[in-house]
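Trainee: This is the structure I want to talk about, given as structure tokens.
The values are calculated or read from the model by the stated rules, or taken from the named source; none is laboratory data. Keep in mind the model is a prediction, meaning the values are calculated, not measured. Here the Cβ positions follow ideal geometry from the backbone for every residue, glycine too, while neighbour counts run over all protein chains shown. The protein model used for the area step is the full one, side chains on, heavy atoms only, and it has no ligands, DNA or RNA in it. Shrake-Rupley method; radii C 1.70, N 1.55, O 1.52, S 1.80 Å.
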Amino acid sequence: MPDDETRTLSPATPANTPMKPTAPQAAEAAHGPAPWLLRLVVVGLVLTALNLRPAITSLGALLEEVRDGLHMSGSVAGVLTSVPPLCFAVFGIMAPRLARRFGPGAVVCAGMIAITAGLVIRPLVGGTAGFLAASALALMGIAVSNVLMPVIVKRWFPDRVGSMTGLYSMALALGTSLAAAVTVPMTSALDGSWRLGLGVWAVLAAVAILPWIPVVRDRSGTPGQPAAQHPGTPALKITRSRTAWALACFFGLQATAAYITMGWMPQIFRDAGVSAGTAGVLLAVTMAMGVPLAFVIPRVAARMRNQGPIVVFLGSCGLIGYAGLYLAPVGGAWAWALLLGISNCSFPLALTMIGMRSRTGAGVVRLSAFAQSVGYLISIPGPLLIGVLYQHSGGWELPIALMAGLMVPQMAVGILAGRDRTIENEC
């Protein structure tokens, strides 16, 4: 890989502070993981990323059928749509402790098992409570895997953070759009059974378990444990880091924008006079933008010492897109969908910055858990607030103005999070 990407990984190390490798690090540098093991980790990352959203987007596609089939009230259905970010925040905070105890690979493997079990169980239950519990089980697996993906990249591919983050971010975007696009036609092909339409995604999750089994069992070539696992290493006080807080706020605001877009953009177009079918295609275009850009943006970001310019570019696309929705929602619908799709690629940028804002694997574990857990908590009220404003104002002018307004603090905290420094210098 280019030298500039490698240099970016330790930007805050003073030139006059030599760092001697420990004995495990020296042995790892001499031998390193076996090539076949590295290939398995790459396969595991891609398959895991493909499974981090279908449990959510497949349910969204069939929510009306699920409500009718389980006799679910509208208020309960509203709670169900708010469960994912809540579970990501609550369960994601457990990931560092589990990773220290069992290792990140083992926890991700267990996460894939939890996703598989949840997707198998929830179509089989007959009541709302059981459906919510099974969904929470799958979301727990997604939550811990969300947090630990940057950690695995940092540990196994420390000189390729940008390219590997781009690879699994692209797979995540592909899994998101794939489940949204094919769940309904696949359900129709399965005799219209929403239970089969939801349960079939368990097959993909089960496949994702397989590459992690030999990775977890083979300890000979596993990169060294994070520094926090070695005695005498001081624990990071992550809440003292301004960079960590900036990154958490950036993660939360970009997640807010993404959930608002996924939940409300088709309705905005439909209320403006766009047909339901075209509104769905416009959302698909927005989501599809994440597939190629999720691979490109992390690679570009990893070659830059400061990611602020990318933050400003993505935020500006969002501002223009929301301005277009406000002024001419029908006339420029395709342009606004493309611009909002570009803006939503702040997610892979945030994941890349998580891997770059710490020098150690232990730091990435703590930072990833903190930024994602706090960030998803921040994102919970956004879609609900947009719905309340829409209901009480009787139109989309005020909600769209709020969406655009949130882009300003997102850019501000993103610029702070993108500065060339690491949390170890601040904790």
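Trainee: Rounded to the nearest 500, what is the 222 nm mean residue ellipticity of the chain from helices alone, with -39500 (n - 2.57) per DSSP H run of 4+ residues and division by all residues?
Mentor: Numbers: 22 runs with 321 residues, N = 427.
Estimated from H runs of four or more residues: -24500 deg cm²/dmol.
Trainee: At q = 0.06, 0.08 Å⁻¹, work out log10 I(q)/I(0) for the chain with the Debye formula, treating every Cα as an identical point scatterer and leaving solvent out; two decimals please.
Mentor: After summing over all Cα pairs, the log10 values are -0.24, -0.43.
Trainee: Follow-up. Could you give the length gained on full extension between L210 and T278, defined as 0.36 nm per residue of separation minus the Cα-Cα distance, in nm? List each step's numbers first, then the result.
Mentor: On the way: separation 68, 0.36 × 68 = 24.48 nm, distance 3.90 nm.
Full extension of this stretch gives 20.6 nm more.
Trainee: Within the range 171-220, report the trypsin sites (Lys or Arg not before Pro) that DSSP leaves as loop and that have at most 10 other Cβ atoms within 10 Å.
Mentor: Numbers: sites: R195, R217, R219; in loops: R219.
Sites meeting the loop and neighbour criteria: R219.
Trainee: Moving on. Relative to the present Cα-Cα distance, how much length would full extension add between D159 and V125 at 0.36 nm per residue of separation?
Mentor: Values: separation 34, 0.36 × 34 = 12.24 nm, distance 4.60 nm.
Stretched out fully, the D159 to V125 stretch lengthens by 7.6 nm.
Trainee: Before I look further, what does the chain give for accessible area per residue, probe 1.4 Å, in whole square angstrom? If you can, show how the numbers build up before the last one.
Mentor: On the way: 17610 Å² over 427 residues.
I get 41 Å² per residue for the chain.
Trainee: Another question, if that's okay. So if we plug the beta-carbon distance of L398 and R270 into 1/(1 + (r/R0)^6) with R0 = 22 Å, what FRET efficiency do we get, rounded to 0.05?
Mentor: Details: r = 18 Å, r/R0 = 0.82.
E between L398 and R270, to the nearest 0.05, is 0.75.
Trainee: Give the carbon-plus-sulfur fraction of the accessible surface of the chain in %, rounded to a whole number; probe 1.4 Å, heavy atoms of protein chains only. Present the calculation step by step, with values, prior to reporting the outcome.
Mentor: Details: 11890 of 17610 Å².
Exposed carbon and sulfur together represent 68 percent of the surface.
Trainee: Between R303 and K237, how high is the FRET efficiency from 1/(1 + (r/R0)^6) when r is the Cβ-Cβ distance and R₀ = 30 Å? Nearest 0.05.
Mentor: Numbers: r = 31 Å, r/R0 = 1.02.
It comes out at approximately 0.45.
Trainee: Suppose accessible area is computed on protein heavy atoms with a 1.4 Å probe; arrange D420, D68 from highest to lowest.
Mentor: Working: D420 60, D68 105 Å².
Of D420, D68, the descending order of accessible area is D68, D420.
Trainee: Between the range 237-292 and the range 314-351, how many Å separate their Cα centres?
Mentor: Between the Cα centres of the range 237-292 and the range 314-351 lies a distance of 9 Å.
Trainee: Packing-wise, with mean Cβ within 10 Å as the measure, how do 203-209, 35-41, 94-100, 243-249 rank, highest first?
Mentor: 243-249, 94-100, 203-209, 35-41
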